[in-house]
Amino acid sequence: MPEDHIHRWRDYEREGYEPVYMPRAFTCGWCGLAVSSSVGLFRDQEWIELEGPFPVPHNQRADVRICPKCGAATTFLNRDDQLPGPVKGDNLDARKRTEGAQLIVALYDEARRAISQFAPSCAVLMFRKILMHVAVEQGAGPKLSFVEYVRYLKDNGVVGKPQHALLDRIRDAGNTENHAIRRATLEDADDLLALVTLLIRSVYFST
Ligand SMILES: [Zn+2]
């Protein structure tokens with residue numbers, strides 16, 4: 001092995017990393033596809049302590065995997081904490097759709113990424129914005145409150161009966177005072193993701 005390769009390998013050894021030896025199935029934190037990857041680096045809990053002024057915590061198990069579809073890396077700490085988290089929702093291809101549909105899908109994808117980066121409040125704000133936009137396109141008045149938009153989707157059959165419990169949860173979670181600000185939970189974001197996915201599919205992808 002050439003000298004510089006040996007040096008490089010020592011860096012890996014010092015940090016406790018070695019090539020992975022088993023495939024791992026996961027939903028990619030970048031492209032959102034369900035993949036299985038055998039390429040990456042693995043560090044067990046016990047590894048040689050790093051010398052120097054900035055010792056890295058050495059009790060953390062890490063498993064870094066390269067996505068075979070998009071080439072980006074997803075890290076698993078302590079067995080199953082996935083960073084970034086799985087990109088949830090649907091990969092919607094809007095390339096052959098209207099400009100309006102393309103914009104909505106681009107915003108939808110941003111919000112999905114925000115969830116996978118553990119920023120549910122950002123995702124919720126964007127999903128609510130999309131929901132209101134779609135409601136207006138479906139004939140709701142332009143200056144309603146968020147709760148009124150949700151009611152409009154329900155009363156006018158834009159969203160079918162099976163999803164009414166979901167709509168009620170979203171309405172209650174969004175029923176805050178005007179200008180009140182609070183952090184959203186991952187569950188709030190997941191509810192809106194489910195509803196907005198449905199809305200986009202039925203309004204922009206039904207034909
Ligand atoms: Zn990927």
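Throughout, read-outs are computed from the coordinates displayed, never taken from laboratory work. The structure presented is a predicted model; accordingly, all values stated were derived computationally and were not measured. Cβ: placed from backbone, ideal geometry, glycine included. Neighbour counts: every protein chain shown.
The label-point distance for Ser121 and Glu13, in a model that sets each label 7 Å from Cα toward Cβ, rounds to 4.7 nm.
Annotation for Glu137 and Asp155: the two label points, set 7 Å from Cα along the Cα-Cβ direction, are 2.3 nm apart.
The region of the chain that goes longest without hitting one of the GluC sites (Glu not before Pro) in a DSSP loop, each with at most 12 other Cβ atoms within 10 Å, is 52-176.
Share of pairwise Cα-Cα distances greater than 16 Å in the stretch 92-207 is 58 percent (whole percent). In percent, rounded to a whole number, the relative contact order of the chain is 15, using alpha-carbon pairs under 8 Å and six or more apart.
Scaled to the globular estimate 2.2 N^0.38 Å, the Cα spread of the chain, given as radius of gyration, is 1.33. Inverting the pair-averaged 1/r between distinct Cα atoms of the stretch 85-150 gives 12.8 Å as its Kirkwood hydrodynamic radius. Scanning the chain for long hydrophobic helices, with DSSP H runs required to stretch 18 angstrom or more by C-alpha along their axis and to average at least 1.0 on the Kyte-Doolittle scale, returns 120-137.
Exceedance of the 24 Å cut-off in Cα-Cα distance is limited, within the set Lys96/Lys161; Lys88/Lys129; Lys96/Lys154; Lys69/Lys129, to Lys96/Lys161; Lys96/Lys154; Lys69/Lys129.
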